[in-house]
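Asks: Take this structure, written in structure tokens, and hold onto it; I'll ask about it next.
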Ligand SMILES: Cc1cc2nc3c(=O)[nH]c(=O)nc-3n(C[C@H](O)[C@H](O)[C@H](O)COP(=O)(O)O)c2cc1C
């Protein structure tokens, strides 16, 4: 059964445009996968903690040295990683904050990027363990930055996802949201169209027709 993980990171509720777009994304996805399973994680309104000294000590302790205390320091990380690994599709709603991602989303990434769980290191370098996922990142921005030198969101997220093995990532940027009603409406409509196009492109039968 198809399984999607939806992660929202805006601290805003009804006013959040990224939330509205991830919701529409999942609705459109459900249309294609009516039997599909949805897991929802809201790190915007229910933040996960930043990693701390106990987390770091536990994450870098080899399995033979683990203790119940070290295990408990990784409990939230394990829960978040299990969610990612269980899904075939992931959709992230990520506002641009100060040219990058909100601190809540950074804290989430720090929890899921973990040696031996989502990547391994050897003499050959890093190898990601999160394979075979289709990922969409929906960003919302007051201005217009896509492809420019101030876009520290997309290049950063591509690098982090690649580290853990996620290579099939599509970005949908809803930009100019603070540039008046007309530009905002156009940006939202364009993002909605991109959402439908992306989900259509994900369907195996469409890809090969
Ligand atoms: C703290 C803060 C920082 C922001 N920084 C940027 C920025 O660097 N560039 C930008 O284009 N928009 C910026 N914005 C505007 C948001 O990206 C925009 O309002 C977006 O719609 C927020 O996502 P949301 O609607 O899902 O909450 C910022 C907004 C806030 C609240």
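Asks: Would you check if residue 172 is away from the ligand (no atom under 16 Å from the Cβ), at pLDDT 95 or above, surrounded by 12 or more Cβ atoms within 10 Å (Cβ to Cβ) and within 14 Å of the chain's Cα centre (by Cα)?
Replies: Working: away from the ligand (no atom under 16 Å from the Cβ): no; at pLDDT 95 or above: yes; surrounded by 12 or more Cβ atoms within 10 Å (Cβ to Cβ): yes; within 14 Å of the chain's Cα centre (by Cα): yes.
Considered against the rule, which asks whether it is away from the ligand (no atom under 16 Å from the Cβ), at pLDDT 95 or above, surrounded by 12 or more Cβ atoms within 10 Å (Cβ to Cβ) and within 14 Å of the chain's Cα centre (by Cα), residue 172 comes out as no.
Asks: Let me ask something else. Restrict the check to region 138-151 and report whether at least one residue is away from the ligand (no atom under 14 Å from the Cβ) and not in a strand (DSSP E or B). Spell out the reasoning first.
Replies: Of region 138-151, the ones away from the ligand (no atom under 14 Å from the Cβ) are none.
Within region 138-151, none of the residues are away from the ligand (no atom under 14 Å from the Cβ) and not in a strand (DSSP E or B).
Yes/no per residue for (1) within 16 Å of the ligand (Cβ to nearest atom); (2) under 22 Å from residue 16 (Cβ atoms):
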residue	(1), (2)
94	yes, yes
111	no, yes
116	no, no
124	no, no
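Here is a yes/no grid of residues against (1) over 27 Å from residue 190 (Cα atoms); (2) assigned to a loop (DSSP other than H, G, I, E, B); (3) within 16 Å of the ligand (Cβ to nearest atom):
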| position | (1), (2), (3) |
| --- | --- |
| 121 | yes, no, no |
| 131 | yes, yes, no |
| 157 | no, no, yes |
| 161 | no, no, no |
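Asks: Within region 86-105, which residues are part of a helix (DSSP H, G or I) and surrounded by 17 or more Cβ atoms within 10 Å (Cβ to Cβ)?
Replies: Across region 86-105, the qualifying residues are 104, 105.
Asks: Can you name every residue in region 158-183 that is under 14 Å from residue 142 (Cβ atoms) and either in contact with a strand residue (DSSP E or B) (Cβ under 7 Å, 6 or more places away or on another chain) or touching a residue at least 40 places away in the same chain (Cβ under 8 Å) (or both)?
Replies: Answer for region 158-183, where residues must be under 14 Å from residue 142 (Cβ atoms) and either in contact with a strand residue (DSSP E or B) (Cβ under 7 Å, 6 or more places away or on another chain) or touching a residue at least 40 places away in the same chain (Cβ under 8 Å) (or both): 173, 174, 177.
Asks: Among 135, 120, which is touching a strand residue (DSSP E or B) at 6+ places or on another chain (Cβ under 8 Å), under 23 Å from residue 83 (Cβ atoms), crowded, with 18+ Cβ neighbours inside 10 Å and modelled with pLDDT of 95 or more?
Replies: Answer to the check: 135.
Asks: Still on this model: Check region 146-160 and report whether any residue there is surrounded by 15 or more Cβ atoms within 10 Å (Cβ to Cβ) and closer than 21 Å to residue 3 by Cα.
Replies: No - not one qualifying residue is present in region 146-160.
Asks: Residues of region 39-59 being surrounded by fewer than 16 Cβ atoms within 10 Å (Cβ to Cβ) and outside any loop (DSSP other than H, G, I, E, B), which ones?
Replies: 39, 40, 53, 54, 56, 57, listed by residue number.
The values are calculated or read from the model by the stated rules, or taken from the named source; none is laboratory data. Keep in mind that what you see is a predicted model, and the values were worked out from it rather than measured. Reconstructed Cβ throughout: ideal geometry from the backbone, glycine too, with neighbour counts over all protein chains shown.
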